[in-house]
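Below is one structure, written out as structure tokens; the observations come after it.
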Amino acid sequence: MLFGRKSREPEIKYDPDRQYAMIRSSICTGEKVAGFKNKEDGHFTEVMLIRSYEDELRFKEIYGIEEIKTEY
């Protein structure tokens, strides 16, 4: 895990001008990972595993994100 459960401070920096938040979801296994995709080169930086809707809400809260898209 990239940040502690008690911490609300992100360890991965998010630059909305250069990146967008997204959830990468596996079609085969259903595993979901939240992170940031670089707008220029498409590099995806994993931030946290999403096991429940609460995890998704926590990710959004930590990074101040209102909407997030899912890519399969």
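Only the coordinates and a few stated rules stand behind these numbers; no lab work does. Quick caveat: nothing in here was measured; it's all calculated off a predicted structure. Cβ sites come from the backbone with ideal geometry, for glycine too, and all protein chains shown count toward neighbours.
Assorted remarks:
- Within segment 25-48, considering residues that are surrounded by 13 or more Cβ atoms within 10 Å (Cβ to Cβ) and touching a residue at least 40 places away in the same chain (Cβ under 8 Å), the one farthest from E11 (Cα to Cα): S25
- Candidate set: segment 56-72, residues that are assigned to a strand (DSSP E or B) and of a type in the set (D, E, K, R); chosen: the one nearest to the chain's Cα centre (by Cα): K69
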